[in-house]
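Contents: one structure, followed by commentary.
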Amino acid sequence: MAPQRRAAPRGPESGGTAAGPDRGGRRHSRYPRGCWDSGWLFLLSSAAVGGLLSWSYLSTEDGVTEVLARHSENLQGKFIEIPCSEDYDSHKRFEGCTPRKCGRGVTDVVITREEASILDLHSGALSLGKHFVNLYRYFGDKIQDIFTEEDFALYRDVRQRIQQRIAQAFGISSASMYLTKPTFFSRINNTEAKTTHDEYWHPHVDKVTYGSFDYTSLLYLSDYTEDFGGGRFVFMDAGSNKTIEPRAGRVSFFTSGSENLHRVEKVHWGTRYAITISFTCNPDHGIGDPVLM
Ligand SMILES: O=C(O)CCC(=O)C(=O)O
Ligand SMILES: [Fe+2]
């Protein structure tokens, strides 16, 4: 069955909250001491009850979970810096590219939902049962029946914008990064895994799993809770997991070392589409953009 194109309109941009001037201090002194104390106690106990409630609400079988990006949010950009692991020291360093600043970011404004829906059409055509398929080898001459030159141009443009966003977030030059392999479409549903490659739910470190990766990006093509259930992306931090709920057009990116150990929750229903676009700092591990031959 041909996949359906979903042309969902974009929601309004989310605005930031400006911090106001400190208005709290002077008001407290107007209250009699006893009243202030009980008010404070009340505040503290409500905060404790609230905290407990949200803790139990957010807790999962994996421990305490914090949501970094909800499906319903339209995030301009969120970036969290974290200390780099030592993984990069055991590889050749490329100053100005190899991570010195590490972290993770997510944005909903670099790729539109419309662009995601066009790419999604193709991931539907690529349901081949295995996780890694070399499209050129698989389709041969027929590849031109599946992808048009416009599709490749869109892919190149999307990849370029993601690369620039990553470079900006980590303070490096976009020209020092190279696309690397595997860069792939993934399609996940709740059918049984056929090979170990299909077992996407295992915690892993991309730099260990894929070798050449320095920066990983994920472009989501479908929507958590609308197109599929489960399937959230989880950063596995000590003591607290951080989740990203996929949303069409959402880009999440992070340094590929063990500072960003992660996994994907099992998909319970529906189909989840995403593209993994990865970058290396080592020109020897770079690959060219896909082209139509
Ligand atoms: O699809 C995702 O959200 C993550 C996939 C992933 O971890 C990977 O391809 O290495
Ligand atoms: Fe990964």
### Query
Can you name the residue in region 244-270 that is crowded, with 20+ Cβ neighbours inside 10 Å and hydroxyl-bearing (Ser, Thr, Tyr) and is also nearest to PHE79 (Cα to Cα) among such residues?
SER252
### Unique residue being more than 10 Å from ligand 1 (Cβ to nearest atom) and at negative phi when the list is THR276, THR209, THR216, THR243
THR243
### Task
Taking LEU292 as the residue in question, decide whether it is at pLDDT 95 or above and aliphatic (A, V, I, L, M).
no
### Message
Among the numbered criteria (1) within 12 Å of ligand 1 (Cβ to nearest atom); (2) of a type in the set (Gly, Ala, Ser); (3) in a loop (DSSP other than H, G, I, E, B), which one does ALA248 miss?
### Response
(1)
### Task
Look at LEU179 and say whether it is outside any helix (DSSP H, G or I), hydrophobic (A, V, I, L, M, F, W, C) and either within 16 Å of ligand 2 (Cβ to nearest atom) or surrounded by fewer than 16 Cβ atoms within 10 Å (Cβ to Cβ) (or both).
no
### Query
Restricting to region 259-271, what's the tally of residues that are within 13 Å of ligand 1 (Cβ to nearest atom), in contact with a helix residue (DSSP H, G or I) (Cβ under 9 Å, 6 or more places away or on another chain) and over 11 Å from LYS242 (Cα atoms)?
1
### Query
In region 207-225, which residues are more than 10 Å from PHE254 (Cα to Cα) and either away from ligand 2 (no atom under 13 Å from the Cβ) or not in a loop (DSSP other than H, G, I, E, B) (or both)?
LYS207, VAL208, THR209, TYR210, SER212, LEU219, TYR220, LEU221, SER222, ASP223, TYR224, THR225
### Task
Could you tell me whether any residue of region 166-175 is more than 13 Å from ligand 2 (Cβ to nearest atom), surrounded by fewer than 18 Cβ atoms within 10 Å (Cβ to Cβ), in a loop (DSSP other than H, G, I, E, B) and modelled with pLDDT under 95?
no
### Query
Is at least one residue of region 185-198 part of a loop (DSSP other than H, G, I, E, B) and either within 12 Å of ligand 1 (Cβ to nearest atom) or acidic (Asp, Glu) (or both)?
yes
### Message
Checking the structure you have, find out if any residue of region 227-238 is crowded, with 17+ Cβ neighbours inside 10 Å and basic (Lys, Arg).
### Response
yes
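The values are calculated or read from the model by the stated rules, or taken from the named source; none is laboratory data. These numbers were taken from a predicted model, which means no experiment stands behind them. Virtual Cβ from ideal backbone geometry, glycine too; neighbours counted across all protein chains shown.
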